[in-house]
1. (1) open to solvent by 50 Å² or more (accessible area, probe 1.4 Å); (2) among the basic types (Lys, Arg); (3) modelled with pLDDT of 95 or more: which one isn't true of residue 59, the others all being true?
2. Quick check: is even one residue across region 188-200 free of Cβ contacts under 8 Å to residues at least 60 places away in the same chain and not in a helix (DSSP H, G or I)?
3. When region 164-186 is examined, which residues are found to be assigned to a helix (DSSP H, G or I) and either open to solvent by 20 Å² or more (accessible area, probe 1.4 Å) or over 22 Å from residue 119 (Cα atoms) (or both)?
4. Could you list all residues from region 265-283 that are polar (S, T, N, Q) and under 17 Å from residue 133 (Cα atoms)?
5. If we keep just the residues of region 291-315 that are aliphatic (A, V, I, L, M) and surrounded by 14 or more Cβ atoms within 10 Å (Cβ to Cβ), which is modelled with the lowest pLDDT?
6. Residues in region 243-277 that are assigned to a loop (DSSP other than H, G, I, E, B), farther than 25 Å from residue 210 by Cβ and open to solvent by less than 60 Å² (accessible area, probe 1.4 Å): how many?
7. Given the residues 134, 147, which is the only one that is open to solvent by 10 Å² or more (accessible area, probe 1.4 Å), closer than 19 Å to residue 271 by Cα and among the acidic types (Asp, Glu)?
8. Kindly list the number of the only condition in (1) modelled with pLDDT of 95 or more; (2) surrounded by 15 or more Cβ atoms within 10 Å (Cβ to Cβ) that fails for residue 92.
Amino acid sequence: MGVTALAGVAYFVFVPAGPPGETFVEIAPGSSSAQIGIQLERAGVVRSRYGFDLVRLWKRGVLQAGEYRFDHAAPVTEVYARIARGDVFTLPVTVPEGATRFEIAARVEDAGLMKRGDFLAVTVNETRLIADLDPQARSLEGYLFPDTYRFPRKATATQIATAMVRRFRAVAASIGLAGPAATTSVHDAVTLASLVERETAVNEERPLVASVLSNRLAKNMPLMTDSAVIYGLEVEGMWRGSIYQSDLTDQKKDTPYNTYRHSGLPPGPIANPGLPSLRAALHPAQTDFLYFVAAGANPHGKSRFAATLDEHNKNVASYREAIKQAGAH
C-alpha cells in the first residue's frame, strides 16, 4: 500500500469526525456492521462507512444494538469501541426509599422519559406484574423497589415498572419474603413495611416501629398513622399539602386508608419500602410498646416509644417542650 493510500486510511480511521450537534443513532438488533456503518455515515458520526468497515476487520468485536448518543468529534476507533462495549444512551431515575408511585411518576417525567400520568396509569393497569405475589393488589404501590435505574429514552411505562418489580422480587426472595420459604402474606408484610418506612427515617428504629404497629394490630387498636391518611387523600385527589384535623375525622374526607377511623392494616401499601423496612416488617422487635412519637417531628431526631397511654402523653409533652426550646434558639 502506497504512502498516499496509507495517509487516506489514517485520515478516515484516526482523524476525529463528528456531527454538528447532539445526534442519536439507534442500532436495531440484528443489524450488520455494514448497515451500522451506513447509519453512522448518514448521521455524520463518521466520515466514511468504509473507514468503519476497516476498523471492524481490525478489531473484530461484536457490535451491540441500542441507541447511542454522539455529541463531539471522535475517531472511528472510538466510535467503534463504544458500540462494541454497548455504551448505549440511558436516562437515570432514582427511586428513594419510601417514595410513592405518585412521586416516582414525577421523577420519571423529570427524567424526560414520559408524562407523569402515563406512568401512573400503568401502576394501576398492570397489577398482573405482581398477581402471583399479591392477588389483591390495587396498584403496583409497594412493589416498585427503591434503587437507581437507567432506561433508554424510548422505554415504555410498562418496561420501567417491570424493571422495578423485578428488583423487588430479587430482594424479597433474598430475605424470605417471597418464594417457598415465605411464612407471611406478601400483601400484609409489604403494607406493614410501607407504614414503617413512612413513619421513621431512622433505620435502627424501624423494628421498634414495626413492633408498635404489630402490637396494635394484635389488640385490634386503630393504627392512627397520618402517613396512611395522607396517602388515601392523595389517591382520592383530596390531599391539600398539609394534614388537618378534618382529614382525620370528617366523614366526607374518609377513605379506606384512614387508620384513625378504620382498624387493621390499610387496603395496601402506601409507599415503596426499602430493604430495612421490609426486614423490620418480617422481624419486628419484641416489645410491649403501643405508642410512639415519630422521629421525623422530633428536633433531637429520635422517636419516643411507650407501652401505656399515660407514658405516651408524657412523651408528647416532652416532645412539645423540645419543639418549643428548639424554636427559641
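1. For residue 59, the exception is condition (3).
2. The answer is no; no qualifying residue exists.
3. Hits for region 164-186 are 166, 167, 169, 170, 171, 172, 173, 174, 186.
4. 272 - this is the single residue of region 265-283 that is polar (S, T, N, Q) and under 17 Å from residue 133 (Cα atoms).
5. The residue in question is 295.
6. Number satisfying all stated conditions: 2.
7. Unique residue meeting the criteria: 147.
8. Residue 92 satisfies all of (1) modelled with pLDDT of 95 or more; (2) surrounded by 15 or more Cβ atoms within 10 Å (Cβ to Cβ) except (2).
The values are calculated or read from the model by the stated rules, or taken from the named source; none is laboratory data. Here the structure is a predicted model, which means the values were calculated and not measured. Every residue, glycine among them, receives a Cβ derived from its backbone with ideal geometry; neighbour counts consider all protein chains shown. Accessible surface areas use protein heavy atoms only, side chains included; no ligands, DNA or RNA. Shrake-Rupley method; radii C 1.70, N 1.55, O 1.52, S 1.80 Å.
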